[in-house]
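I have placed the structure first, in the form of structure tokens, so that the comments after it can refer back to it.
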Amino acid sequence: MEDIQISTLLLLMFFGFLAAFIDSVVGGGGLISIPALLFSGLSPAAAIATNKLASSMGSLTSTIAFIRSGKVDFRLVSKLFPLIFIGSLLGAWVVNFVSSDLLKPLILLLLIAIAIYTFLKKDWGQKSTYTKLTLQKAALFAVAIFVIGFYDGFLGAGTGSFILFAFLMIGFDFLHSAGNAKFLNFGSNLAALIMFIFLDAVNFSYGIPMGISMVAGALAGSKFALKKGVAYVRVLFIAVTVILIIKNVVDYLMGD
């Protein structure tokens, strides 16, 4: 039994590192970590909740790395942090009463639109063109961040990609968008985690070791992205978005 537990933990830590390496930049790490947790024998609800514990540890690490590199706009994200936090808290609560299947067709369409838009705009996000938002645009952006936060608590897959895309839309380059996105993604992860702990859904025995490996993966991934630059982040963003689309199509066709 001990050998099985150790081998399970080693497997979770391996996939946790891999998930965090990707997630540290553009999100989508749950595509790797959640199936690994399901394979360990956890129920879907426990796997999602436990993943929030591990991914919170990873997202905090990558956030710190981006802050140190000067890729986070504190004046902007500090105002948005409460919105995404409350949104995620609400989403994690609502998912206990409403099926997440209701959102899946809409999310699939959004991911396809994002992938096409990003692929066609070759120079998009290469340089930062962000200027102070008008009151109307700021209000719309704030609503978008709140909705993304709700989505993270409610369903979660690809949240980092959605936040990154939102910052690209208002003129940030890919690296600054990634840095801002990780800061807010940590907020949404933390809020959902608090709710899941309150609901007693987190498996700490699996979540903490996996989280430790995610810290290492997030550190390696964020440093690699900062070294490789904007072009690397753009390619990774498109790749993860396409994988998210494929996963959603498969889930939809199989009725999952």
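Relative to the longest principal axis of the Cα atoms of the chain, helix 135-154 runs at roughly 10 degrees. Only helical runs count toward this figure. For the chain, summing -39,500 (n - 2.57) over DSSP H runs of n ≥ 4 and dividing by all residues gives -27500 deg cm²/dmol at 222 nm. Taking the Cα atoms only, what angle lies between the long axis of helix 104-120 and the longest principal axis of the chain, rounded to 10 degrees? Tilt of helix 104-120: around 50 degrees.
Share of segment 6-254's accessible area from carbon and sulfur, percent, 1.4 Å? Solvent-exposed carbon and sulfur of segment 6-254 make up 74 percent of the total.
Looking at the chain, which longest stretch skips every one of the trypsin sites (Lys or Arg not before Pro) that is in a DSSP loop with at most 15 other Cβ atoms within 10 Å, leaving the sites themselves out?
Maximal segment without exposed cleavage sites: 133-256.
Here the average projected area of the convex hull drawn through the C-alpha atoms of segment 45-170 stands at 8.7 nm². With bins 5 Å wide beginning at 0, the percent of Cα pairs of segment 128-204 falling in each bin runs 3, 16, 23, 22, 16, 9, 5, 3, 2.
Any idea what the dipole of the chain comes to, in debye rounded to 20, about its Cα centre with Lys/Arg Cβ at +1 and Asp/Glu Cβ at -1?
About 1180 debye.
Between ALA239 and SER78, the simple spin-label model (points 7 angstrom out along Cα→Cβ) gives 3.6 nm. Between ILE6 and ALA138, the distance separating the two model label sites (each 7 Å from Cα on the Cα→Cβ line) works out to 5.8 nm.
Distance between the pseudo-spin-label points of VAL147 and THR131 (7 Å out from Cα toward the beta carbon): 2.6 nm. Taken per residue, the accessible surface of segment 162-252 reaches 37 Å², heavy atoms only and a 1.4 Å probe.
The accessible-area ordering, largest first, of the residues ILE145, ILE48, ILE22 stands as ILE48, ILE22, ILE145, per a 1.4 angstrom probe.
Pairs of Cα atoms nearer than 8 Å and 6+ residues apart set the relative contact order; for the chain it is 40 percent. Equivalent-ellipsoid semi-axes for the chain (Cα gyration tensor, √(5λ), whole Å, largest first): 27, 20, 18.
The values are calculated or read from the model by the stated rules, or taken from the named source; none is laboratory data. Just so we're clear, the structure is a prediction, and the values are computed from it rather than from any experiment. Quick reminder, even Gly has a Cβ in these numbers, built from the backbone with ideal geometry, and neighbours come from all protein chains shown. Side chains included, ligands, DNA and RNA excluded: accessible areas come from the protein's heavy atoms. Shrake-Rupley method; radii C 1.70, N 1.55, O 1.52, S 1.80 Å.
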